[in-house]
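Structure first, then comments.
The values are calculated or read from the model by the stated rules, or taken from the named source; none is laboratory data. The structure displayed is predicted, hence computed values, not measured ones. Because the Cβ atoms are built from the backbone with ideal geometry, glycine has one as well, and the counts that use them run over all protein chains shown.
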Amino acid sequence: MMENNNEQPKHKRRYKKKRTKMENNNEQPKPKRRYKKITKKVTPIKDVNEIPMYDPYTGEPNPHYEELTGKPNPLLPPKRLTIDSVAETIRKGTEFLGLPIINNKVDIEPTKEFVDVKTNNRFLVLFPEKFGINPTYVKSVTRPSLVIKRKLIGRKLEISPVVVELIDLIKEEFKLNVKLNDILKEHKRFNLTIQTVNPKGLVIEEMKLSDCFISELNFSPLSYSDDNLSVTTITIIPNDFTIV
């Protein structure tokens, strides 16, 4: 209890004494401290029923994620096409287009003509029989290209060289490199035929190179760390060629 009503509380009196003391010493009051508000980031609570993409213990992707959520799991590799998936896609497409389906087959007349395409791995290279080079020795061949160059009088047709890669087999009765070396040194002229065949082995196109000669002979390098096929590469320059 305070004895006098005019008497101020103790904390106010202390503040007043301190204030008067500072004014006598010409001191300025210290600025009040400003405290920064600490804002705590609230992390959202994960849904307990959320289906994880991976196993939290092993780290392996969840294989049933797509089945449960209807979305593909980005951690899994893309699925490969199967016969069932392609059939299902065709069925959905036919239903979307409104085509009739009879016995799980689309009621559309099939095309009467079957169209096939040429592939680069169906070919034969025929050397003259006297050389003894079997078509199975050929690993790859480049076909010639035609370039027309203008001259002062008329035009000239230039044919690019043909590069043939031959597999060097181990045969006592026939040595490929020896035979090719003899052809190159003797500068023998010969005719070469490049055939394109269909899946049944029938010739569908024939390229006949005439008056050819070998201009370059290269052997594959040898190395103890290389176990690939030994290949001999020859460069052939044709004088003319026709396509049948």
With the structure loaded, tell me whether residue 223 is more than 18 Å from residue 120 (Cβ to Cβ), out of contact with any Asp or Glu (no Cβ under 8 Å at 6 or more places or on another chain) and assigned to a loop (DSSP other than H, G, I, E, B) or whether it fails that test.
yes
Output the number of residues of the stretch 25-84 satisfying the condition of being in a helix (DSSP H, G or I), among the aliphatic types (A, V, I, L, M) and at pLDDT below 80.
1
Among 144, 128, the single one that is closer than 30 Å to residue 221 by Cα, surrounded by 15 or more Cβ atoms within 10 Å (Cβ to Cβ), touching a strand residue (DSSP E or B) at 6+ places or on another chain (Cβ under 9 Å) and not acidic (Asp, Glu) is 144
One residue is enough: does the stretch 196-215 have a residue meeting the conditions closer than 16 Å to residue 137 by Cα and at pLDDT 85 or above?
no
Of the residues 167, 153, 183, 133, which single one is surrounded by fewer than 10 Cβ atoms within 10 Å (Cβ to Cβ) and among the aliphatic types (A, V, I, L, M)?
153
Elements of type strands (runs of 3 or more DSSP E) in the stretch 130-189, at least 2 residues being modelled with pLDDT of 90 or more and either within 28 Å of residue 201 (Cβ to Cβ) or over 40 Å from the mean Cα position of the chain (by Cα) (or both)
138-141, 162-167
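Quick check on the stretch 96-125: of everything there that is modelled with pLDDT of 85 or more and of a type in the set (Val, Ile, Thr), which residue is surrounded by the most Cβ atoms within 10 Å (Cβ to Cβ)? Break it down into steps so the answer makes sense when it comes.
The first filter runs over the stretch 96-125 and keeps only residues modelled with pLDDT of 85 or more, leaving 118-125.
Narrowing the set further to residues that are of a type in the set (Val, Ile, Thr) leaves 119, 125.
Values: 119: 11, 125: 21.
Checking each candidate, the answer is 125.
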Which numbered condition residue 157 fails, given (1) free of Cβ contacts under 8 Å to residues at least 12 places away in the same chain; (2) within 24 Å of residue 117 (Cα to Cα)
(2)
Enumerate the pairs (first residue in the stretch 220-231 and closer than 15 Å to residue 137 by Cα; second residue anywhere and among the acidic types (Asp, Glu)) with beta-carbon separation below 7 Å, excluding pairs fewer than 6 apart on the same chain, so at least 6 apart or on different chains.
230/168; 231/165; 231/168
Name the residues in the stretch 193-244 that are in contact with a helix residue (DSSP H, G or I) (Cβ under 9 Å, 6 or more places away or on another chain), surrounded by 16 or more Cβ atoms within 10 Å (Cβ to Cβ) and of a type in the set (Ser, Thr, Tyr), would you?
232
